[in-house]
Amino acid sequence: MKLLLVTSVDPWKRSVSSAHKWVEAGRVLGHEVAVYGEQHPDLPALPFTTDLSDVDIALFVVQVTADFPDMPYLARLLDGIPRERRVVVDLWGRFNDTIRLEHDFNHLEKLDGHLGWEWEDALGAVSGAILQPTLAPLRPNVRSFLFHGYDPISVVRPYRSAREAAAAWRAAGPAEKPYGVAYVGGNWQRWEQVRRFLEGYRPVRREVGRICLTGWHWDKRPDWAVQKGLMGVDTDPSLLAELDVEVRDGVRFDEVVGVTGKARFAPVFHRPLFRHLGFVTNRTFETFCADSLPVLMLPRDFVAALYGEAAVKLVPGDDLAGHLTDAMDRPEPYWDAVLQTRSHLARYHSFAQRFQELRALTAERAPSGAVR
Amino acid sequence: MNILFVMKHRGNAGNTHAVANYMRVAPRYGHTVAMYGDPQPHLPHLKFSTDVRAFDRVAYLFESELYRIKPLREVALLATIPKRHRLIFDMDGMYNPVIELDGYDSNHCSETERARWIEYYDSLADRVAKPTLAPPNNQRVRAMIFYGYDPILEVDPASAPPKQYDILHVGHNWWRWREVAGSLLPAFRQIRDQVGEIGFIGAWWDKPPEEGPAAGPEEAFRSDPEVFRQLRIRTEAAVVYTDVVRTMSAARINIFTQRPVLHHLKHLTLKWFEIFYADTVPLLMLDEDLAVAVYGEAARELVLPGRVAQKLLDALRRPDHYRGVVEDVRRHLAAHYSYDRRFEELVAAMRN
C-alpha cells in the first residue's frame, strides 16, 4: 500500500511520534508511507513526498487548520487524489456539533478563526470516510479508528516478569529516577486534572518524590491565552511552588519516553473533550513504553475497553495517595498489570493492527482492488 | 450552471460592479452567479454564498494580490469544485512575464514574485482568462473582455445631477500619478482660468493608504496635494460602485486614465464602459488605435494624448458636438458589448 499522510508535523508537538511509527511499521510490513510536503530538516527519519502518483490512500490527519497544506500544495493534492482515496481521521473531534466542556471545546472561532460548520464542510468535502480515534464515535456516519498505537519495540525496558520489573523499579536510585512523578505534555486543557492530581498527591509527596511537569505553559498562563480569554491553559504557580513541582519546557517527540521514565509514576490525562468523546492520543499508548508505572487518570470502563481488564489496577480512583503508597509498598501487582496491559496493547493496538483496520475501512468503500 | 466568484469584496471596485451584472443576467439563461462570502451589509444588492455545494463552477478573480478565503473554506471549495471547473480571471496582468514600464509601473516586483504567482495559478486552474484585446500568449490563456455595456444604465440628462464640475476624474490613485502629473496637470495649469471646478474622486489622491507598505509600493500612491491646492483641484473620497456613474454625471467632462501596465497589456477595465453610461463627455487618455478598437471610429474625437488642453476647452465650448460623438460610441458599445454576450462567453469558457 502507498499511504500518504497529510498533516503538519512538528518535532515538539501533536502527532509527530505516531507519524514516525506509521512509517516504521509500514516499512516492516512492506508498505510505503510518507508525509505530504517538502522534507522537514528537523525530522530526517520521516520521508516526505509531493509525488501523488499511485497513492492508495491519502490519510488526512486533522487536528488544527495547519494540518491542511497551504497553496499550491493543497490544490495539487485535492485535484491529484480522487475523493474515494482520501480518508480523514479527525483527531480532535472537529466533525461533531460544537461541544463545550469545562474550558474545553472542539470549535472556537477566536482561537483559529473557524466556526463549527466550516470544520464540518471542509472535512466532509475532503472525504466521505471520516474516522475518529474513539471506540464509540458520536455520529453514525463516523467510523472508529484509533490511528495512534503501541509499539513494543519502543519499550525501554521490556521486563520478563512483574517480579523483575518491581525489583528494578525499587532499586532505581536518584540518578536513574530523580522524580516521583513525571508528566510530559503541554498545558492545554489539562490544568484541572493536574490540579486534582496534585491535591491527591500532596499527603504522600515526601514518600513518592518530586513531581516534574515537562511541557509548555505550566509555569504561567501565556499572554496569548490571557488576551483571548482562554482558561484552558490555566495554572497556579503558587500551588506548584508549594508542592515543589519542577516545571520544564517541552521536549522533542523522541525524548518523551526517556523523560517519562525518569520518574516512578507517569500519569495519563486526557483533556475534557477527549474524555467526553473517548478519544485516544499518542500518549495514551506511548506512556506504556516508558520505564515507569502509568497512573491512568481515566474512567475505568474506558480503561478496561481500551487497555484490557488488567489495566484497571492502574486507575487510582478517588484515593490517589493510597494508590501511590500501595504501589510504593507493593509494586509487583502494579507491574503485573503493566506487563499484561503491554501484551494487550501489542496484540490489539499495534501499528500493524492499525494498517489492517485502515485497509478494512477503506475496502468497505473502495472498488475491489483499489488498495494494494 | 452555478458560478461562484471568489474575489475581494470591494464595493468601490469595478470588478464588483461587473459581477453584479453577471448576477443580474444569469437567471435569464437559467444560471446562477454569486460571490463567495457572507452577506455584506454595505453591498445589499449582491448575492453572496458560502454553500459551495450549491455551485459547480468557480471563477477566481485576482487583481494585484492573491486573494484567499479562510483556510477551511478554501479546503471545502477546492475539494468540492475540481480544477477543470475553475477559471482564473487575471485582471492585473500577473500571468505574464515580468513587465516594467520606464522604471515605474510593473506587474511583478521580481522574478521570484512572478514565479510564486504562476505556480499558484497553475495549481489552481487549468485556464486563465484575461480581459484584454491582445491575443493570448499561452495556450492556457484566453482573452475574455469580462466587462460589458448595458444601455439601460445610461443616465438620462433630465435626471442627471447638476453639473458641479467642469472636469472630473473618478478613480483611485494607483499608478496614475506619472500620467496625471506629466500630462493632465500641465494642461490644467495652462487653461485653469478658463474652466470651472476640477475634481479627483477616489482613494489615495490626498495621502497613501493607511496600511502602509502592505498596501503596495509607495510609488503607486504618489501624489502632490500642494500642486492640487495650487490648481484648485478638489479631492473627494471614493464612492461605492452603485454611485460611480451618477458621480461622473456631475461633471461636463470626465477624464479616463488607465494604469500604465494595464494599458500596455491592452487590458480593459469596467471604467472603459461605465464612463459612457454617465451624462458627461468622456475624454480618454488612451492610444488612439486601442480606443478605436474598443469604441469604434467615433472615439478618435475623444482621445486626449498630445492635445489635452485644447481638447478640454473644445469639449467645454462645443457640448452638443461632443454629445453626438458620445452617442455614436454608445451605439457601438451597445451593439458589441452587452452583458448577455459577456455571460455567454463566461458560460462557454466554463463549459470547456
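Which number in (1) out of contact with any Gly (no Cβ under 8 Å at 6 or more places or on another chain); (2) at pLDDT 95 or above; (3) over 19 Å from B:Met94 (Cβ atoms) marks the one condition that B:Glu218 misses?
All conditions are met except number (2).
How many of the residues in the stretch B:175-191 are under 9 Å from B:Ser223 (Cα atoms) and exposed (fewer than 15 other Cβ atoms within 10 Å of the Cβ)?
Final tally of qualifying residues: 1.
Let's see how each residue does on (1) modelled with pLDDT of 95 or more; (2) touching a strand residue (DSSP E or B) at 6+ places or on another chain (Cβ under 6 Å):
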{"position": "B:Val58", "(1), (2)": "yes, yes"}
{"position": "B:Glu63", "(1), (2)": "no, no"}
{"position": "B:Phe89", "(1), (2)": "yes, yes"}
{"position": "B:Leu101", "(1), (2)": "no, no"}
{"position": "B:Thr112", "(1), (2)": "yes, no"}
{"position": "B:Ala115", "(1), (2)": "yes, no"}
{"position": "B:Ser123", "(1), (2)": "yes, no"}
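Could you say whether any residue in the stretch A:27-48 is out of contact with any helix residue (DSSP H, G or I) (no Cβ under 9 Å at 6 or more places or on another chain) and within 14 Å of another protein chain (Cβ to nearest Cβ)?
no
In the stretch B:189-206, how many residues are part of a helix (DSSP H, G or I) and in contact (Cβ under 8 Å) with a residue 60 or more places away in the chain?
Of the stretch B:189-206, the ones part of a helix (DSSP H, G or I) are B:189-194.
This time we only want the ones that are in contact (Cβ under 8 Å) with a residue 60 or more places away in the chain, so: B:190-191, B:194.
Residues that pass the stated criteria total 3.
Can you pull out every residue in the stretch B:117-173 that is in contact with a Pro (Cβ under 8 Å, 6 or more places away or on another chain) and either away from every other protein chain (no Cβ under 14 Å) or surrounded by 15 or more Cβ atoms within 10 Å (Cβ to Cβ) (or both)?
Our first condition is that a residue be in contact with a Pro (Cβ under 8 Å, 6 or more places away or on another chain); within the stretch B:117-173, this holds for B:119-120, B:122-124, B:130, B:142-147.
If the condition is that a residue be in contact with a Pro (Cβ under 8 Å, 6 or more places away or on another chain) and either away from every other protein chain (no Cβ under 14 Å) or surrounded by 15 or more Cβ atoms within 10 Å (Cβ to Cβ) (or both), then B:Tyr120, B:Asp122, B:Ser123, B:Leu124, B:Lys130, B:Arg142, B:Ala143, B:Met144, B:Ile145, B:Phe146, B:Tyr147 are the ones that fit.
Determine whether A:Phe48 is without any contact (Cβ under 8 Å) to a residue 40 or more places away in the chain, among the aromatic types (Phe, Trp, Tyr) and within 24 Å of B:Leu124 (Cβ to Cβ).
Numbers: without any contact (Cβ under 8 Å) to a residue 40 or more places away in the chain: yes; among the aromatic types (Phe, Trp, Tyr): yes; within 24 Å of B:Leu124 (Cβ to Cβ): yes.
Yes: the conditions hold for A:Phe48.
Scanning the stretch A:156-200 for residues that are within 20 Å of A:Thr214 (Cβ to Cβ) and among the aliphatic types (A, V, I, L, M), which turns out nearest to the chain's Cα centre (by Cα)?
Result: A:Val184.
Take the residues of the stretch B:106-135 that are of a type in the set (Gly, Ala, Ser) and assigned to a helix (DSSP H, G or I): which is nearest to B:Ala59 (Cα to Cα)? Lay out the reasoning, then the answer.
As a first pass, look at the stretch B:106-135 and keep what is of a type in the set (Gly, Ala, Ser): B:106, B:110, B:115, B:123, B:125, B:129, B:134.
Among the residues that remain, those that are also assigned to a helix (DSSP H, G or I) are: B:115, B:123.
Numbers: B:Ala115: 21, B:Ser123: 14 Å.
Per the criteria, the residue is B:Ser123.
With the requirement that a residue be of a type in the set (Asp, Glu) and either in a strand (DSSP E or B) or touching a residue at least 60 places away in the same chain (Cβ under 8 Å) (or both), what does the stretch B:207-220 give you?
Of everything in the stretch B:207-220, just one residue is of a type in the set (Asp, Glu) and either in a strand (DSSP E or B) or touching a residue at least 60 places away in the same chain (Cβ under 8 Å) (or both), namely B:Glu219.
Mind counting the residues in the stretch B:39-51 that are more than 19 Å from the chain's Cα centre (by Cα) and either modelled with pLDDT under 95 or among the aromatic types (Phe, Trp, Tyr) (or both)? Let's see the steps before the verdict.
Let us first name the residues in the stretch B:39-51 that are more than 19 Å from the chain's Cα centre (by Cα), namely B:39-42, B:44-45, B:47-51.
Still in the list and also either modelled with pLDDT under 95 or among the aromatic types (Phe, Trp, Tyr) (or both): B:39-42, B:44-45, B:48.
Of the residues in that region, 7 qualify.
In the list A:Val280, A:Val256, which residue meets the criterion of being among the aliphatic types (A, V, I, L, M), under 14 Å from the mean Cα position of the chain (by Cα) and closer than 22 Å to A:Leu131 by Cβ? Working first, answer last.
Numbers: A:Val256 fails: closer than 22 Å to A:Leu131 by Cβ.
That would be A:Val280, the only listed residue that is among the aliphatic types (A, V, I, L, M), under 14 Å from the mean Cα position of the chain (by Cα) and closer than 22 Å to A:Leu131 by Cβ.
Could you tell me whether any residue of the stretch B:188-210 is under 18 Å from B:Met91 (Cα atoms) and within 22 Å of the chain's Cα centre (by Cα)? Quick ask: steps written out before the conclusion?
We begin by selecting, within the stretch B:188-210, every residue under 18 Å from B:Met91 (Cα atoms); these are none.
No, the stretch B:188-210 contains no residue that is under 18 Å from B:Met91 (Cα atoms) and within 22 Å of the chain's Cα centre (by Cα).
Any chance you could count how many residues in the stretch A:1-30 are buried (at least 20 other Cβ atoms within 10 Å of the Cβ) and part of a loop (DSSP other than H, G, I, E, B)?
Of the residues in that region, 5 qualify.
Name the residue, out of A:Glu207, A:Glu199, that is assigned to a helix (DSSP H, G or I), closer than 28 Å to A:Arg157 by Cβ and among the charged types (D, E, K, R).
Working: A:Glu199 fails: closer than 28 Å to A:Arg157 by Cβ.
Matching residue, one of A:Glu207, A:Glu199: A:Glu207.
Could you list all residues from the stretch B:60-76 that are under 30 Å from B:Glu179 (Cα atoms) and either away from every other protein chain (no Cβ under 14 Å) or of a type in the set (A, V, I, L, M) (or both)? Please lay out each step first, then the result.
In the first step, residues of the stretch B:60-76 are kept if they are under 30 Å from B:Glu179 (Cα atoms); the result is B:61-67.
Hits for the stretch B:60-76 are B:Leu61, B:Glu63, B:Ser64, B:Leu66.
Could you check the stretch B:27-59 and list, in sequence order, the residues that are crowded, with 16+ Cβ neighbours inside 10 Å, at the interface with chain A (Cβ under 9 Å from one of its Cβ atoms) and not hydrophobic (A, V, I, L, M, F, W, C)?
Passing the criteria: only B:Thr50.
Return yes when A:Asp104 is closer than 18 Å to A:His148 by Cα, buried (at least 20 other Cβ atoms within 10 Å of the Cβ) and of a type in the set (D, E, K, R) and no when it is not.
On the way: closer than 18 Å to A:His148 by Cα: no; buried (at least 20 other Cβ atoms within 10 Å of the Cβ): yes; of a type in the set (D, E, K, R): yes.
Here the answer is no, as A:Asp104 does not meet what is asked.
Could you list all residues from the stretch B:77-112 that are closer than 23 Å to B:Val347 by Cα and either without any contact (Cβ under 8 Å) to a residue 24 or more places away in the chain or within 12 Å of chain A (Cβ to nearest Cβ) (or both)?
If the condition is that a residue be closer than 23 Å to B:Val347 by Cα and either without any contact (Cβ under 8 Å) to a residue 24 or more places away in the chain or within 12 Å of chain A (Cβ to nearest Cβ) (or both), then B:Leu77, B:Leu78, B:Ala79, B:Thr80, B:Ile81, B:Pro82, B:Lys83, B:Arg84, B:His85, B:Arg86, B:Ile88 are the ones that fit.
Take the stretch B:60-90 and flag every residue that is within 22 Å of B:Tyr241 (Cβ to Cβ), crowded, with 16+ Cβ neighbours inside 10 Å and charged (D, E, K, R).
Hits for the stretch B:60-90 are B:Glu63, B:Asp90.
For the stretch A:49-60, how many residues meet the condition of being touching a Lys or Arg at 6+ places or on another chain (Cβ under 9 Å), over 23 Å from B:Arg86 (Cα atoms) and either surrounded by fewer than 20 Cβ atoms within 10 Å (Cβ to Cβ) or more than 14 Å from chain B (Cβ to nearest Cβ) (or both)?
5
Just checking, which of B:Arg259, B:Arg252 is basic (Lys, Arg), surrounded by 18 or more Cβ atoms within 10 Å (Cβ to Cβ) and at pLDDT 95 or above? Walk me through it before giving the result.
Numbers: B:Arg259 fails: at pLDDT 95 or above.
The unique qualifying residue is B:Arg252.
Within the stretch A:223-244, can one find any residue that is surrounded by fewer than 20 Cβ atoms within 10 Å (Cβ to Cβ), in contact with a strand residue (DSSP E or B) (Cβ under 9 Å, 6 or more places away or on another chain) and closer than 30 Å to A:Gln340 by Cβ?
No, because not a single residue in the stretch A:223-244 is surrounded by fewer than 20 Cβ atoms within 10 Å (Cβ to Cβ), in contact with a strand residue (DSSP E or B) (Cβ under 9 Å, 6 or more places away or on another chain) and closer than 30 Å to A:Gln340 by Cβ.
Look through the stretch A:321-347, keep the residues that are charged (D, E, K, R) and part of a helix (DSSP H, G or I), and return whichever of them is surrounded by the most Cβ atoms within 10 Å (Cβ to Cβ).
Looking only at the stretch A:321-347, we keep the residues that are charged (D, E, K, R), and these are A:326, A:329-330, A:332, A:336, A:342, A:347.
Keeping just the survivors that are part of a helix (DSSP H, G or I) gives A:326, A:329, A:332, A:336, A:342, A:347.
Numbers: A:Asp326: 14, A:Asp329: 8, A:Glu332: 17, A:Asp336: 17, A:Arg342: 21, A:Arg347: 12.
My answer is A:Arg342.
Scan the stretch A:61-76 for residues that are more than 9 Å from every other protein chain (Cβ to nearest Cβ) and more than 18 Å from the chain's Cα centre (by Cα) and jot them down.
Within the stretch A:61-76, the first condition is being more than 9 Å from every other protein chain (Cβ to nearest Cβ), and the residues that meet it are A:61-64, A:67, A:69.
If the condition is that a residue be more than 9 Å from every other protein chain (Cβ to nearest Cβ) and more than 18 Å from the chain's Cα centre (by Cα), then A:Pro69 is the only one that fits.
Does the stretch B:55-105 hold any residues that are among the charged types (D, E, K, R), farther than 18 Å from A:Gly80 by Cβ and not in a loop (DSSP other than H, G, I, E, B), and which are they?
To start, the set of residues in the stretch B:55-105 that are among the charged types (D, E, K, R) comprises B:56-57, B:63, B:65, B:68, B:70, B:73-74, B:83-84, B:86, B:90, B:92, B:100, B:102, B:105.
Pick out the ones that are also farther than 18 Å from A:Gly80 by Cβ and you get B:56-57, B:63, B:65, B:68, B:70, B:73, B:90, B:92, B:100, B:102, B:105.
Hits for the stretch B:55-105 are B:Arg57, B:Arg73, B:Asp90, B:Glu100, B:Asp105.
The values are calculated or read from the model by the stated rules, or taken from the named source; none is laboratory data. Keep in mind that what you see is a predicted model, and the values were worked out from it rather than measured. Cβ sites come from the backbone with ideal geometry, for glycine too, and all protein chains shown count toward neighbours.
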